[in-house]
Amino acid sequence: MHKKYTLRSGSPYPHGAQVGDDGVNFSISSRHATQVELLLFAHHDSPQPFQAILLDKSKNHTFFSWHVFVENLPAGTWYGWRIDGPSLTRESGLRFDKEKLLVDPWARAVSNDLWRRAAACLPGDNTS
């Protein structure tokens, strides 16, 4: 069982996960996102997160960036994003699925131990 980490609003830049002396700043850009959640995992092959952090638009959103600082989080903690927004593929080309676990485009390491093509291609949760 992991402890629940204390949060601060964080910084929008730089994007990705930036380790500092007292924790990790996470930032991702999504112009059309309406809700963003950061999921923290104990190991690269953990099927479920030990902490899910729902970002508050009033505290964790600057222009197109969503950000949060996780105090005392160790470097190398595995994470992913869930992002919600409009799914108007025909009208605008946008296709959000709030249940998908997304890889950070600025991640420095990625594990595919639990990745399954079928789950990635279908609507809904791709972590189970």
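Picking from residues in the range 50-73 that are without any contact (Cβ under 8 Å) to a residue 24 or more places away in the chain and assigned to a loop (DSSP other than H, G, I, E, B), the one that is least open to solvent (accessible area, probe 1.4 Å) is LEU55. The single condition among (1) open to solvent by 80 Å² or more (accessible area, probe 1.4 Å); (2) more than 18 Å from LEU102 (Cβ to Cβ); (3) assigned to a loop (DSSP other than H, G, I, E, B) that ARG31 does not meet is (2). With respect to SER11, is the statement that it is of a type in the set (S, T, N, Q) and closer than 28 Å to LEU122 by Cβ true? When the stated conditions are applied, SER11 does not pass them.
Counting only residues that are part of a helix (DSSP H, G or I) and among the charged types (D, E, K, R), which one in the range 82-128 is surrounded by the fewest Cβ atoms within 10 Å (Cβ to Cβ)? Only one residue tops the list, namely ARG90. Looking at this structure, is ARG90 out of contact with any strand residue (DSSP E or B) (no Cβ under 7 Å at 6 or more places or on another chain) and of a type in the set (Lys, Arg)? In short, yes.
The values are calculated or read from the model by the stated rules, or taken from the named source; none is laboratory data. Because the structure is a prediction, the values reported are computed rather than measured. We place every Cβ from the backbone using ideal geometry, glycine too, and count neighbours over all the protein chains shown. These accessible areas exclude ligands, DNA and RNA; they are computed on the full protein's heavy atoms, side chains included. Shrake-Rupley method; radii C 1.70, N 1.55, O 1.52, S 1.80 Å.
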